[in-house]
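Input: one structure, supplied below.
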Amino acid sequence: MNIVVAGAAGFLGSHLCDALILKGHTVIGIDNFLTGQHKNIERLKQDWNETQFRFIEADVCSPVNFLENIQIHQVYYLASPASPIDYVKMPLETLYVGSFGCRNYLELAERHNARFLLTSTSEVYGDPTIHPQPETYWGNVNPIGPRSVYDESKRYAESLTVAFHNHCNVEVRIARIFNTFGPRMRHDDGRVIPTFVKQALFKEPLTIFGDGSQTRSFCFYSDLIRGLITLMNNPLSIGPFNLGNPHELSMLALANEINKILDNPAGIIHHPLPTNDPTRRRPDLTKTQSILGWTPEVSFSKGIRETIAYFRDTLL
């Protein structure tokens with residue numbers, strides 16, 4: 001199949017390209033490097049020939065007028081700034097990617113009679129009042145808060161995707177991704193695992209916001225990529241489906257674990273908790289496991305060691 005991956009230069013996008021090519025597909029990667037990394041694309045070009053991987057540098061918010069000469073079978077839409085440090089700096093770009101950009105690639109899927117997969121986020125649940133979070137939960141989101149540009153961009157993209165399914169007969173799938181980590185993350189993207197690992201590698205105190213009791217659930221990238229491909233190729237339901245690991249950690253426990261692995265004596269320091277920062281986050285995987293038959297397999301212990309090894313090689 002010919003498969004489009006929008007956001008191909010990103011952490012997850014580049015891994016998805018590798019996985020799809022290994023399955024025998026031809027991948028057309030799209031990115032404008034707003035938050036993606038050139039080195040990810042160079043790696044893909046080095047590892048795969050032009051019949052396996054083709055890259056087009058383009059803004060997803062611009063018209064898609066360069067893919068009409070080949071038949072497209074699937075479209076994975078991963079384009080979006082995905083960390084607070086990015087979307088706070090680029091609020092309009094984040095909103096446009098979830099609206100204009102998403103529409104462009106839904107229309108591409110419509111023209112080609114292709115299946116479309118949207119990577120949404122657990123951020124649509126906001127600071128949840130239900131724990132763990134099932135897909136039936138509508139969320140607790142501040143629509144004008146500092147995180148709203150990302151939260152509402154994804155919520156709108158979900159609505160747009162369902163509308164294209166209902167009114168334009170586009171086959172669609174929606175994945176709600178919980179915290180995911182692994183090699184190829186940017187060390188400076190502001191997310192907690194790259195930040196903690198970088199600080200620990202340089203023997204600095206790890207920065208915890210609030211008292212550290214807030215929780216996240218961390219899924220290793222290879223499990224997540226397998227989940228996306230499973231969802232795309234499942235004929236039963238459009239979703240949304242939670243994809244993540246239910247192994248829940250407090251930020252304090254995470255910091256202590258990373259300091260222990262890296263033998264960092266600097267300890268931790270505390271800063272005020274950011275506005276609207278979710279206090280708890282863990283996926284309810286009941287629907288995902290029953291319909292998709294997917295469950296994460298890589299332990300946090302194994303994944304964090306592989307991630308630390310990657311950052312040690314790239315930073316030291």
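Checking the structure you have, find out if any residue of the range 61-82 is out of contact with any Gly (no Cβ under 6 Å at 6 or more places or on another chain), surrounded by 12 or more Cβ atoms within 10 Å (Cβ to Cβ) and of a type in the set (D, E, K, R).
no
This table checks each residue for (1) touching an Asp or Glu at 6+ places or on another chain (Cβ under 8 Å); (2) not in a loop (DSSP other than H, G, I, E, B).
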position	(1), (2)
Gly239	yes, no
Leu254	no, yes
Gln289	no, yes
Thr295	no, no
Val298	yes, no
Glu306	no, yes
Arg312	no, yes
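Taking the range 289-311 on its own, how many of its residues are of a type in the set (Gly, Ala, Ser) and either over 24 Å from Pro240 (Cβ atoms) or under 19 Å from the mean Cα position of the chain (by Cα) (or both)?
Counting residues in the range 289-311 that are of a type in the set (Gly, Ala, Ser) and either over 24 Å from Pro240 (Cβ atoms) or under 19 Å from the mean Cα position of the chain (by Cα) (or both) gives 4.
Only strands (runs of 3 or more DSSP E) wholly contained in the range 46-148 count here; list those with 2 or more residues that are at negative phi, without any contact (Cβ under 8 Å) to a residue 60 or more places away in the chain and in contact with a helix residue (DSSP H, G or I) (Cβ under 9 Å, 6 or more places away or on another chain).
Fully inside the range 46-148 and qualifying: 53-57, 115-121.
Assess whether Ser213 counts as being surrounded by fewer than 17 Cβ atoms within 10 Å (Cβ to Cβ), within 25 Å of Asp284 (Cβ to Cβ) and either within 13 Å of the chain's Cα centre (by Cα) or not aromatic (Phe, Trp, Tyr) (or both).
Judged against the criteria, Ser213 is a match.
Same structure, new question: Of (1) in a helix (DSSP H, G or I); (2) surrounded by fewer than 20 Cβ atoms within 10 Å (Cβ to Cβ), Pro265 satisfies all except one. Which?
Here Pro265 meets the rest and fails (1).
Which condition from (1) part of a helix (DSSP H, G or I); (2) surrounded by fewer than 18 Cβ atoms within 10 Å (Cβ to Cβ) is the one that Ile258 breaks?
So the condition that Ile258 fails would be (2).
A follow-up question, please. As an exercise: evaluate Thr161 against (1) assigned to a helix (DSSP H, G or I); (2) modelled with pLDDT under 95 and give the number of the one condition it does not meet.
(2)
Is it the case, given these coordinates, that Thr295 is exposed (fewer than 15 other Cβ atoms within 10 Å of the Cβ) and without any contact (Cβ under 8 Å) to a residue 24 or more places away in the chain?
Considered against the rule, which asks whether it is exposed (fewer than 15 other Cβ atoms within 10 Å of the Cβ) and without any contact (Cβ under 8 Å) to a residue 24 or more places away in the chain, Thr295 comes out as yes.
The values are calculated or read from the model by the stated rules, or taken from the named source; none is laboratory data. From a predicted model like this one, the values you see are computed outputs, not experimental measurements. Neighbour counts are summed over all protein chains in view; Cβ atoms, including those assigned to glycine, are modelled from backbone coordinates with ideal geometry.
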